[in-house]
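The values are calculated or read from the model by the stated rules, or taken from the named source; none is laboratory data. Bear in mind that the values here come from a model prediction, so they are computed numbers and not experimental data. A quick note on method: Cβ atoms are made from the backbone with ideal geometry, for glycine too, and the neighbour counts reach across all protein chains shown. Heads up: the accessible areas ignore ligands, DNA and RNA and are worked out on the full protein's heavy atoms, side chains in. Shrake-Rupley method; radii C 1.70, N 1.55, O 1.52, S 1.80 Å.
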Amino acid sequence: QVQLVELGGGLVQAGGSLRLSCSASGRTFSDYSGAWFCQAPGKEREFVAAISWNGYSTGYRDSVEGRFTISKDNAQNTMYLQMDNLKPEDTAVYYCNADLRLLTSTSGPGEFWGQGTQVTVSS
């Protein structure tokens, strides 16, 4: 199994940037495909971005395409979500997600979750 811990959330003004990180332990992270999901108050958890085991393939939700970048550093057992040009509607708790199977925009979430980190974007 793999354990996931997110860091990097916080409060930022609209137009600003944040970088979330997801540190993995317990098993080699290169075995896992990764993804980020978010959940706003009163809404269901939604897909944000996904990345393949080796980091060569990525996918994004339409509303974040061109603003967010997912990446994976297997040597550091860490996955990132660089969020630029943030908007108030990006406000949510962001969750790191991983699975041994390939995660994509249509695969559904993987088996393993982090605890979540709050991102708040003020207007």
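Okay, residues lined up against (1) part of a loop (DSSP other than H, G, I, E, B); (2) closer than 22 Å to LYS87 by Cβ; (3) hydrophobic (A, V, I, L, M, F, W, C):
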{"position": "GLN1", "(1), (2), (3)": "yes, no, no"}
{"position": "VAL12", "(1), (2), (3)": "no, yes, yes"}
{"position": "ALA35", "(1), (2), (3)": "no, yes, yes"}
{"position": "LYS43", "(1), (2), (3)": "yes, yes, no"}
{"position": "GLY66", "(1), (2), (3)": "yes, yes, no"}
Residue by residue through region 28-49, note down the ones that are at pLDDT below 95, under 21 Å from GLN1 (Cβ atoms) and open to solvent by 10 Å² or more (accessible area, probe 1.4 Å).
-> THR28, SER30, ASP31
Do you know which of the residues in region 62-75 that are charged (D, E, K, R) and over 17 Å from GLU6 (Cα atoms) is surrounded by the fewest Cβ atoms within 10 Å (Cβ to Cβ)?
-> ASP62
If THR78 passes every condition in (1) more than 14 Å from the chain's Cα centre (by Cα); (2) among the hydroxyl-bearing types (Ser, Thr, Tyr); (3) open to solvent by less than 20 Å² (accessible area, probe 1.4 Å) but one, which one does it miss?
-> (1)
Scanning region 93-119 residue by residue, those open to solvent by 50 Å² or more (accessible area, probe 1.4 Å) and assigned to a strand (DSSP E or B) turn out to be TRP113, GLN118
Restricting attention to region 1-18, and to residues there that are under 15 Å from the mean Cα position of the chain (by Cα) and among the polar types (S, T, N, Q), which single residue is surrounded by the most Cβ atoms within 10 Å (Cβ to Cβ)?
-> GLN3
